[in-house]
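Written out below as structure tokens is the structure these notes cover.
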Amino acid sequence: MRGQDVGLLQVRTGHDDTAIGEDFTVLRVRRRMLTQSYVGGLYTGRRASERRRPMNTVGVDFNLGT
């Protein structure tokens, strides 16, 4: 898509006797506006196979260039 940047990373770690397996997800979306400006969002998630509640974080950022 023109004017938009998207990045996605999904990683799964292994499970052994000393550590539980986990899933990590990062998603980044950025929309370019005008000539030098953008608005973007970021999502990060961490989920362990033995943990009931996933740990999620969401953020928004922008840059207004003149």
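The values are calculated or read from the model by the stated rules, or taken from the named source; none is laboratory data. Every value quoted in this text rests on a predicted model; they were computed, and no experiment measured them. All Cβ positions, even for glycine, are placed from backbone atoms using ideal geometry, and neighbour counts span all protein chains on display.
It is to be established whether one or more residues within the range 13-27 are small (G, A, S), part of a strand (DSSP E or B) and surrounded by 10 or more Cβ atoms within 10 Å (Cβ to Cβ).
Going residue by residue through the range 13-27, those that are small (G, A, S) are 14, 19, 21.
After this cut, where a residue has to be part of a strand (DSSP E or B) as well, the list is none.
So far as the range 13-27 goes, no, none of its residues is small (G, A, S), part of a strand (DSSP E or B) and surrounded by 10 or more Cβ atoms within 10 Å (Cβ to Cβ).
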Filtering the range 1-23 down to residues that are over 13 Å from the mean Cα position of the chain (by Cα), among the polar types (S, T, N, Q) and within 12 Å of R46 (Cβ to Cβ) yields T13
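Quick one: is Q36 surrounded by 10 or more Cβ atoms within 10 Å (Cβ to Cβ) and in contact with a Phe, Trp or Tyr (Cβ under 8 Å, 6 or more places away or on another chain)? Talk me through it step by step, then tell me what you get.
Details: surrounded by 10 or more Cβ atoms within 10 Å (Cβ to Cβ): yes; in contact with a Phe, Trp or Tyr (Cβ under 8 Å, 6 or more places away or on another chain): no.
No.
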Looking across the range 18-66 at residues that are within 16 Å of G3 (Cβ to Cβ) and among the polar types (S, T, N, Q), the single one that is modelled with the lowest pLDDT is T35
